[in-house]
1. Under the rule a/c < 1.5 gives rounded, and otherwise a/b versus b/c splits prolate from oblate, where does the stretch 98-195 land using the Cα gyration tensor?
2. Separation between the residue 122 and residue 8 pseudo-spin-labels, each 7 Å from Cα along Cα→Cβ, expressed in nm?
3. Pulled fully out, how much extra length does the chain show between residue 36 and residue 181, if you take 0.36 nm times their separation in residues and subtract their Cα-Cα distance?
4. Would you mind telling me the antiparallel percentage of the DSSP bridges in the chain, rounded to 5?
5. By average Cβ neighbour count within 10 Å, what is the ranking of 120-133, 182-195 from highest down?
6. Return the lysines within reach of residue 174: Cα separation strictly under 25 angstrom, same-chain partners fewer than 8 residues apart disregarded; answer none if there are no such residues.
7. Grab the DSSP H runs of the chain that are 4 residues or longer, score each as -39,500 (n - 2.57), total them, divide by all residues and round the 222 nm result to the nearest 500 deg cm²/dmol.
8. Ordered by packing density, taken as the mean number of other Cβ atoms within 10 Å over each peptide's residues, highest first, how do 148-156, 4-12, 73-81 rank?
Amino acid sequence: MLLYQDPRAPNPRRVRIFLTEKSVPFETIEILIANRAHQTEEFRSKNPIALLPVLELPDGRILRESMAICRYVEELHPAVNLFGNDAWERAQIEQWNRHAELELLYPIGQVFRNTNPFWVGRIEQAPAFGEIMRNVATERMAWFDRELSKREYLAGDRFSVADITLLCAIDFGKPSNIRIDAAALPNLARWYQLVNSRPSAKA
Ligand SMILES: N[C@@H](CCC(=O)N[C@@H](CS)C(=O)NCC(=O)O)C(=O)O
C-alpha cells in the first residue's frame, strides 16, 4: 500500500505510527504542504479536498481520513489489536480517540493555522480565534493529565490508537509553543515518556 503523506503533518503521522505498530509494510509518497503539492490537480484526483493522508491500494482504490485508513488496516491485520477486543474496550478506545482528536488535535491545529506565519497568504487567519483555541488546548491538557493519573494509557491499561492520536496532537503543539509542563502536568509527562519511547513514535 502507498501512503501519500507529509512528514511534518500530524494526521499522516497517526497512520505511519499505526502501520508501524502493526509491522505492516507500506511505501510513502511525500506531498509537501509547504510546496502546495497537495493542491495540484493530480493530487486532487485522489482527494478533491486536498488533505493528507491518502492511502492508495495496489488495485488503485483510494481511502481518505486517517481513522478510516487505520480501521481498514485493523481489519486486514487484526494483530496487534489497537481498536479494542470487546464491546466495552472498543467503546473506551473510540471515546478516548475522539477526545484526543476533537479536544486536543483540533484546537492545537487551529492555533497553528490561525497564528503561525506558515499559513500567511495560504488561508485567511483569525489570530484571536487561534488564541481562544490555545486556551482550550491548555485546559484540555490539564484534563488529560488528571485522567492519566487513573491509568497507564489513555484508554486503559494498554497502548491503543487513542495514544497515537494524543501523541500526535501533543507533538503538533511544538510550532505553537504548546508543551507539557512536567511540574504542572506530571501524569501527562509520564505518559508522554512512555508512548514517545516506543519505536513507532519515530515513524
Ligand atoms: N480528518 C482528516 C484531517 C486531514 C487533515 O486536516 N490533514 C492536514 C494535514 S495533518 C492537511 O492535509 N492539511 C492541508 C491543508 O489544510 O491545506 C484525517 O484525519 O485524515
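Each value in this text was obtained by applying a stated rule to the coordinates, not by laboratory testing. Fair warning: this is a prediction, and the values are worked out from it, not measured in the lab. So basically every Cβ, Gly included, is an ideal-geometry build from the backbone, and we count neighbours across all protein chains shown.
1. In terms of gyration-tensor shape, prolate.
2. Spacing of the two 7 Å Cα→Cβ label points: 0.7 nm.
3. Full extension from residue 36 to residue 181 adds 48.8 nm.
4. About 65 percent, rounded to the nearest 5.
5. 182-195, 120-133
6. Output for residue 174: 202.
7. Dividing the helical sum by the residues of the chain leaves -14000 deg cm²/dmol.
8. Going from most to least packed, we get 4-12, 148-156, 73-81.
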